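Notes for the one structure printed next.
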Amino acid sequence: HRQAYAVSKEAGHQTSAESWGTGRAVARIPRVRGGGTHRSGQGAYGNMCRSGRMFAPTKTWRKWHRRVNRKMRRYAICSAVAASALPSLVMARGHRIDKVWHSGVLGVL
């Protein structure tokens, strides 16, 4: 199973910013308020801005798992365990088992 992940809800919106509106020959993106620092006047919030929010922030309610019938899941597990007893199949997957001793017979489960 995969673990759900997402960005913070507040990410990219942790400054107070407001658009300067039209008539200033700059884009209408919200800009950081205040003065006395390099940050003031910089664009904020937008996904195209530095330190802005990402486009379509990831959510934890994404579809992480697909439901599989119980019988199918058990069948798949049994098949995988059985396949691990065949050196040819194991080596085909890229595992190096040349130096590992194996009897060739699957033990009793």
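The values are calculated or read from the model by the stated rules, or taken from the named source; none is laboratory data. Note that this is a predicted model, so its numbers are computed, not measured. Reconstructed Cβ throughout: ideal geometry from the backbone, glycine too, with neighbour counts over all protein chains shown. All accessible areas refer to the heavy atoms of the entire protein, side chains included, with ligands and DNA or RNA removed. Shrake-Rupley method; radii C 1.70, N 1.55, O 1.52, S 1.80 Å.
Just a few scattered comments:
- For region 70-83, a residue qualifies if it is open to solvent by 80 Å² or more (accessible area, probe 1.4 Å) and not aliphatic (A, V, I, L, M), and the qualifying residues are Arg70, Lys71, Arg73, Arg74, Tyr75, Cys78.
- Within region 1-45, being among the polar types (S, T, N, Q) and either outside any loop (DSSP other than H, G, I, E, B) or open to solvent by less than 100 Å² (accessible area, probe 1.4 Å) (or both) holds for Ser8, Thr15, Ser16, Ser19, Thr37, Ser40, Gln42.
- Thr60 vs. criteria under 30 Å from Val7 (Cβ atoms) and either open to solvent by 50 Å² or more (accessible area, probe 1.4 Å) or not charged (D, E, K, R) (or both): yes
- Within region 13-37, residues that are among the charged types (D, E, K, R) have Cβ atoms under 9 Å from residues that are surrounded by fewer than 13 Cβ atoms within 10 Å (Cβ to Cβ) in these pairs: Arg28/Gly21; Arg28/Thr22; Arg31/Glu18; Arg33/Ser16; Arg33/Glu18, counting only partners at least 6 apart in sequence or on another chain.
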